[in-house]
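Beneath this line is the structure, given in structure tokens, with notes to follow.
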Amino acid sequence: MTKPLVVVLDYGSGNLHSATRALVAAGADVTLTADADAALNADGLVVPGVGAFAACMDGLRAVGGPELIRSRLDDGRPVLGICVGHQVMFGHGVEHGLDTAGVGILPGVVERLRCERLPHMGWNTVEPPPSTTLFAGLAGERFYFVHSYAVRAADRLPNDARVTWADHDGDRFVAGVEVGALSSTQFHPEKSGQAGAALLRNWIATLG
Amino acid sequence: MSVAIRVIPCLDVHDGRVVKGVNFLNLRDAGDPVELAAAYGAQGADELTFLDISASSQGRATTHDMVRRTAETVFIPLCVGGGVRGVDDVDVLLRTGADKVGINTGAINRPQAIDDITRRFGNQVLVLSLDARREAGQPSGYGVTTHGGRQSAGLDAIAWVKEAVDRGSGEILLNSMDADGTTGGFDLPMIEAVRAVVDVPVIASGGAGTVQHFVDAARAGADAVLAASVFHYGTLSIAEVKQGLAEAGFPVRMVTPA
């Protein structure tokens, strides 16, 4: 069987090495590139991201990322967003009073978590919906989070969006979304040990 | 709060090799950091810390290669400290596969380095690592040391931690030089004193000898607990520490052996 071809979008954000290696270990044929044709034609596109929302959007725009993501999703071709790569799928992000437009696949705002202990750093549990594909077989597992911002209200998401929630210090936020060809997680599956590897395998199984 | 208390083994590396004795497993080559890191990952370590004690640039380059090889096989967060002075050092480490970088003396010598690094890479990448001890001359009673605890930096530890977080550090690795190597327990009042002044996660280090010590550190407010010798010598396993934390009511990440 041919391995699905996955492109990790290289726009200069974060530890791309780990994401690439984790996807290879999970059974994909992986290319790290910003090449638009490669990103459009791959079986799956991974959008990583760490650091500030605005900086990630700048990097993403510089490689035509928003158009690539929209074009793929319009055609029903899978995209996986990770951490800030998950956040940019929403309408906008507000950091330090600065409001930045996101790729805008989903309505919603990325804002600072309202709790004392930040960053939210470490292994936390999640609450996936029964219809989940990403979290199949992963009930009760913990995933590695590191962030201070998140989508805290999901009431405007489309009805067919399958939302996974998490809780930090009493503040609930969106830990994952599955809608159409888009999957995304606020945590880092590539840093979440065996549970993260299983989630990546679940995603890779939907490709091609 | 349901985020798990992290249990973190710390490996001292020199020129890409683990130093200090390690005999918790019957490894063919106990000095190979990649093999050790994989073994700790399989045991359920929630994160790994490498402390690079190489003195030469060649030694550092060898360590970078070690980080790269580890990141290829061990899919948990990796923190690397040692010799970090500024943005360029951090950039190299992140590119080799580190998720977080620890800064210690480099920040004492030039506190602005914290601002520079966190503005470029975000708060979450920078761990302020400090070697603190009881120092009667400091307002809080705790002082910062350098040179492995042999010299006083002339800084109040609590004031330094506050400044580092104000400048952008996303986490504190608090190592007690009084407790380090004693296996007599963490310095609990010092953990409480740091916890009281910062909201970022605090990793307690130094003094671990028994499971109860880890539980006490978590009770004192530690978000994560780090140890070296008790894990390296096989005195305690990661699973035993987590079991103890769980029995004391703390959330932990239990891992089924592969």
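Structure notes:
- Chain A, dipole about Cα centre (Lys/Arg Cβ +1, Asp/Glu Cβ -1), debye to the nearest 20: 300 debye
- Sorting B:ARG95, A:ARG117 by the number of Cβ atoms found within 10 Å of their own Cβ, with the fewest placed first, yields B:ARG95, A:ARG117.
- Extension gain (nm, one decimal) between B:ARG95 and B:THR256, 0.36 nm per residue minus Cα-Cα: 54.9 nm
- Taking 7 Å steps out from each Cα toward its Cβ at B:ALA61 and B:ARG110 produces label points 2.2 nm apart.
- Cα-based Rg of the protein assembly as shown normalised by 2.2 N^0.38 Å, two decimals: 0.94
- Taking B:ARG133, B:ARG120, B:ARG253 and counting other C-beta atoms within 10 Å, the order from fewest to most: B:ARG120, B:ARG133, B:ARG253
- Estimated FRET transfer efficiency (A:THR31, B:GLN212; beta-carbon r; R0 35 Å; 0.05): 0.10
- In this label model, A:ASP160 and B:ARG119 are separated by 4.6 nm, measuring between points 7 Å along each Cα→Cβ vector.
- Put a plus charge on the Cβ of each Lys and Arg, a minus charge on the Cβ of each Asp and Glu, and nothing anywhere else: the dipole of chain B about its Cα centre is then about 140 debye.
- Neighbour counts of C-beta atoms inside 10 Å place A:MET89, B:MET177 in the sequence B:MET177, A:MET89, starting with the fewest.
- Label-point separation, A:ALA153 to B:VAL87 (7 Å along Cα→Cβ), nm: 3.7 nm
- Summary of the geometry: region B:190-234 and region B:68-92, compared by the centres of their Cα atoms, lie 22 Å apart.
- 222 nm mean residue ellipticity, helices alone, for chain A (DSSP H n ≥ 4; -39,500 (n - 2.57); rounded to 500): -7000 deg cm²/dmol
Since every read-out is calculated from the coordinates, none of them should be taken as a lab result. Every value quoted in this text rests on a predicted model; they were computed, and no experiment measured them. Don't worry about glycine lacking a Cβ; one is built from the backbone with ideal geometry, like all the others, and counts go over all protein chains shown.
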